[in-house]
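Encoded as structure tokens, the structure appears first; notes follow it.
Computed from the coordinates by the stated procedures, all read-outs in this text should not be read as laboratory data. Remember, it's a predicted structure, so these values are computed and weren't measured experimentally. Please note: Cβ atoms are built from the backbone with ideal geometry, for glycine as well, and neighbour counts cover all protein chains shown.
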Amino acid sequence: MKPADRAEPEAQLERIHEALLRPEPTPAVERILHKALDGHRISYEEGCVLMREGDLGSLGLVAGEITRRFHPDNIVTFVVDRNINYTSVCVTDCKFCAFYRHEKDPDAWVLSHEEILQKVGELAATGGTQVLIQGGHHPKLPFAYYTEMCRLIKRHYPQVAIHSFSVSEIRHFARAYKMPVREVIERLKEAGLDSVPGAGGEVLADRPRRIIAPLKDPARDWLETYELIADCGLRGSSTMMFGHVETLEERVEHLLRLREVQDRTAEKHGVGVFWSFICWTFQPGNTPLVAEGLHNGVATSSYEYLRTLAVARIFLDNIPNIQASWVTQGVRIGQISLDCGCNDFGGTMMEENVVAAAGTIYHATPADAIRLIRDAGKIPARRNTFYEILETY
């Protein structure tokens, strides 16, 4: 796949535009969409009907209206950030991942603290405000490697928020260093962790998880960890990676479980643990899932991405922000997603390695984000990790 501005096939873009202009709901879909527009929560079963039968035009229209109710100012935000992967070494061997290496592989690597600080410094020099630090589940790095990393970043670049260490990494640390999960979270927070990214959730249904990530924790443990994150006074994002071996019903199960956690944490703490939701499609290039014959190697279409995104916006009535996945879909689909439920363009990402390892490479600068948002008829605004607006354009 060519870097930068690889265009979505024109035929698919035409199909998407045609679908958005001509809503054609079935009676069942129309009834459920009217229920959502009337402000009523839709059930798991109704979510499954939308996921199975919903046409893009109708779903996009309603998702767009719900987004406007959440964000009536017509502002679409973005954050200037950098994604830093501290190591490629991982013992979890997820079948959907083209990035990981084993410790003895000749191309395996671990970044030093000096290298990480240099990368954060480059981000700070551009005015960036967020660093997303994630890596493989390394079996031998000491816990001090992670806590000292956070302390160094905060000491040298206090203006940069550390939105880092997924639940999968946090649970790996707990196992590797024989600590309770809560203690891991508390010690990372004390070292400077500001927010937890939602990566590692994949699909929160155990059947597909056993196929694509058999060594990862079951869905229940991932969800319970986010409740501990809320108990420790932190928040984070939620995600879904789809288009591999999951069913449509399992996508809705994933959304339901996120909604339930958001409800519980909001009831307990006054605010839900999730800042936002981001979904993206499985990128099959160079992955064991394809090599082992568990996937046909054909990426899920942008049309299906937009349908799933719109259902998520309609279903997740308690998560305020939905982020576009231009990193996997390209900036043209990222722009269209602003009419299908997204109010956030995500990070401009100075660096991205995991999706790129599967052969999907897109780039967007802050100037690109501003132009794309404005061209979609929205008002661009730069935000920080906490969804506070820093500048409106």
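Brief remarks on what is shown
- Rounded to 0.05, the FRET efficiency of the Ala266 and Ile379 pair, given R0 = 22 Å and the Cβ-Cβ distance, is 0.20.
- Each part reduced to its alpha carbon centroid, the stretch 109-165 and the stretch 296-319 end up 31 Å apart.
- Across Lys95/Lys178; Lys95/Lys154; Lys104/Lys189; Lys140/Lys178; Lys154/Lys378; Lys154/Lys216, pairs whose alpha-carbon gap is larger than 24 Å: Lys95/Lys178; Lys95/Lys154; Lys104/Lys189; Lys154/Lys378; Lys154/Lys216
- For the chain, built as a Gaussian network whose Cα springs stay under 10 Å, the top-fluctuating residue of Glu202, Glu18, Glu46: Glu18
- Estimated [θ] at 222 nm from DSSP helical runs (n ≥ 4, -39500 (n - 2.57)) normalised by residues in the chain, nearest 500: -13500 deg cm²/dmol
- Unmatched cysteines, the chain - criterion: no other Cβ of a Cys under 4.7 angstrom: Cys48, Cys90, Cys150, Cys232, Cys279, Cys340, Cys342
- Taking the stretch 10-392 and dividing mean pair separation by its residue count, relative contact order in percent (alpha carbons under 8 Å, at least six apart): 23 percent
- FRET efficiency for the Ser112 to Lys35 pair, using the beta carbon distance and R₀ = 41 Å, is estimated at 0.15.
- Applying 1/(1 + (r/R0)^6) with r as the Cβ-Cβ distance of Tyr177 and Ala291 and R0 = 35 angstrom yields a FRET efficiency of 0.60.
- Ordering of 177-183, 195-201 by packing [mean C-beta count within 10 Å, highest first]: 195-201, 177-183
- Magnitude of the charge dipole, the chain, Cβ model with Lys/Arg +1 and Asp/Glu -1, debye to 20: 560 debye
- In range of the label at Arg68: residues from the stretch 366-393 whose backbone nitrogen is under 16 Å from the point 7 Å along Cα→Cβ: 376-379
- Listed peptides 211-220, 240-249 by packing density, highest first (mean Cβ within 10 Å): 240-249, 211-220
- Each DSSP beta bridge with both residues in the chain is either parallel or antiparallel, and the antiparallel ones are about 15%.
- Over the stretch 242-345 - Rg/Rh using Cα atoms and the Kirkwood inverse-distance radius: 1.02
- Cα→Cβ-extended label distance, 7 Å offset, between Ser43 and Ala367, nm: 5.4 nm
- Placing unit charges on the Cβ atoms of the charged side chains and taking the dipole of the chain about its Cα centre, the candidate lying farthest along the positive direction among Pro366, Pro218, Phe242 is Pro218.
- Extension gain for Asp105-Ile389 works out to 97.9 nm (0.36 nm per residue, less the C-alpha to C-alpha distance).
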